[in-house]
1. Which numbered condition trips up B:Leu89, out of (1) more than 7 Å from chain A (Cβ to nearest Cβ); (2) in a helix (DSSP H, G or I)?
2. A:Val15: crowded, with 18+ Cβ neighbours inside 10 Å, within 11 Å of DNA strand D (Cβ to nearest atom) and over 30 Å from A:Arg133 (Cβ atoms), yes or no?
3. Considering only residues that are under 18 Å from B:Lys44 (Cβ atoms) and more than 9 Å from DNA strand C (Cβ to nearest atom), look in region B:1-17 and name the one that is farthest from the other protein chains (Cβ to nearest Cβ).
4. Out of region B:30-61, which residues are more than 11 Å from DNA strand C (Cβ to nearest atom) and either loosely packed, with under 15 Cβ neighbours inside 10 Å or farther than 22 Å from B:Ala122 by Cβ (or both)?
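The values are calculated or read from the model by the stated rules, or taken from the named source; none is laboratory data. Quick caveat: nothing in here was measured; it's all calculated off a predicted structure. Quick reminder, even Gly has a Cβ in these numbers, built from the backbone with ideal geometry, and neighbours come from all protein chains shown.
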Protein chains: 2
Amino acid sequence: MKNAEMLLREHQIKVTPQRLSIVGELDGHVHMSVEELYEAIKKKFPSISLATVYKNINAMMEKNFILEVKIPNKKSKYELAKASHSHVLCQECGKVEDISLDLHDLTAKAANMTDYKIKEDALILSGVCPACRAS
Amino acid sequence: MKNAEMLLREHQIKVTPQRLSIVGELDGHVHMSVEELYEAIKKKFPSISLATVYKNINAMMEKNFILEVKIPNKKSKYELAKASHSHVLCQECGKVEDISLDLHDLTAKAANMTDYKIKEDALILSGVCPACRAS
DNA sequence: TTAAATGCAAAAAATTTGCAGACGT
DNA sequence: ACGTCTGCAAATTTTTTGCATTTAA
């Protein structure tokens with residue numbers, strides 16, 4: 001990741017320790033739910049309030065600075081915005097990984113079929129990860 | 001759709017008027033949120049309670065009889081389970097349509113890259129529908 | 001200095017639960 | 001008749017809001 005402080009500035013969000021924690025956690029864990037974020041941050045920053053986490057998640061989402069990943073059968077997780085990518089969920093351990101897949105042909109075909117102008121795609125593949133499969 | 005009553009029986013859920021309404025609405029509208037379902041049913045069935053809608057959605061989801069569609073930036077909608085398919089969302093009017101796309105190659109590639117055993121896919125394409133584009 | 005961010009507590013929204021009575025099989 | 005379902009009200013859970021105080025720029 002770049003510098004967390006720079007990232008915030010670029011997105012015209014004021015730099016506060018709370019926000020640096022949020023970015024830091026997301027950078028470390030890649031995908032976290034609101035509650036996971038809150039609990040993680042509280043360890044290093046016990047005074048943070050859940051309301052602040054919510055407010056900042058919403059603020060950062062409005063700036064397209066972080067993204068919500070809506071996961072089947074699970075709570076949403078949040079990630080730092082990066083190049084567009086898809087997600088793979090392990091149904092056993094709940095882990096979510098990024099994967100870079102080319103959806104060009106697929107969205108082109110969809111655009112043809114539906115006559116929509118496609119602007120975004122959200123793909124989540126679910127299955128069993130190698131580690132869980134082994135056990 | 002088949003017969004709503006048959007569908008319920010097949011999935012070993014008792015047939016009640018409330019459940020028939022839910023299935024009927026979903027069959028008619030394809031994708032509805034909890035609140036939309038509740039409001040729609042209340043018109044024909046004023047005594048139904050929101051708790052009943054929730055209980056039944058959950059019961060039907062457990063039987064894999066209806067599915068939750070988690071839509072970016074929107075509330076979840078529910079649909080009757082059918083052959084696996086993807087969704088196209090209009091970001092302007094909020095409409096959701098089904099689309100049948102072949103994700104075989106894509107999931108095969110993903111399986112290779114990640115070494116996951118892929119079992120499900122959830123793809124939502126977002127854009128602008130022809131009607132909204134026109135206006 | 002000043003607008004914006006924080007933390008708290010309270011409010012609102014979304015979902016679940018317990019239970020008495022009604023209903024489906 | 002039996003076990004399940006319904007509707008209600010209450011309880012939980014999740015998210016948002018208002019406001020006094022603090023803080024970043």
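1. Only one criterion in (1) more than 7 Å from chain A (Cβ to nearest Cβ); (2) in a helix (DSSP H, G or I) is unmet by B:Leu89, namely (2).
2. Working: crowded, with 18+ Cβ neighbours inside 10 Å: no; within 11 Å of DNA strand D (Cβ to nearest atom): yes; over 30 Å from A:Arg133 (Cβ atoms): yes.
In short, no.
3. Per the stated criteria, the residue is B:Ala4.
4. Listed by number, the residues that qualify are B:Glu39, B:Ala40, B:Ile41, B:Lys42, B:Lys43, B:Lys44, B:Phe45, B:Pro46, B:Ile48.
Okay, residues lined up against (1) in a loop (DSSP other than H, G, I, E, B); (2) facing another protein chain (nearest Cβ under 7 Å); (3) surrounded by 15 or more Cβ atoms within 10 Å (Cβ to Cβ):
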{"position": "B:Glu79", "(1), (2), (3)": "no, no, yes"}
{"position": "B:Cys93", "(1), (2), (3)": "yes, no, no"}
{"position": "B:Asp98", "(1), (2), (3)": "no, no, yes"}
{"position": "B:Asp102", "(1), (2), (3)": "yes, no, no"}
{"position": "B:Asp105", "(1), (2), (3)": "no, no, no"}
{"position": "B:Ala108", "(1), (2), (3)": "no, no, no"}
{"position": "B:Ala111", "(1), (2), (3)": "no, no, yes"}
{"position": "B:Arg133", "(1), (2), (3)": "no, yes, no"}
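To keep it simple, each residue is scored yes or no on (1) assigned to a loop (DSSP other than H, G, I, E, B); (2) on the phi < 0 side of the Ramachandran plot; (3) assigned by TED's automatic domain parsing to the domain that holds A:Glu68; (4) in contact (Cβ under 8 Å) with a residue 40 or more places away in the chain.
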| site | (1), (2), (3), (4) |
| --- | --- |
| A:Arg9 | no, yes, yes, no |
| A:Gln12 | yes, no, yes, yes |
| A:Val23 | no, yes, yes, yes |
| A:Gly28 | no, yes, yes, no |
| A:Glu35 | no, yes, yes, yes |
| A:Glu39 | no, yes, yes, no |
| A:Lys42 | no, yes, yes, no |
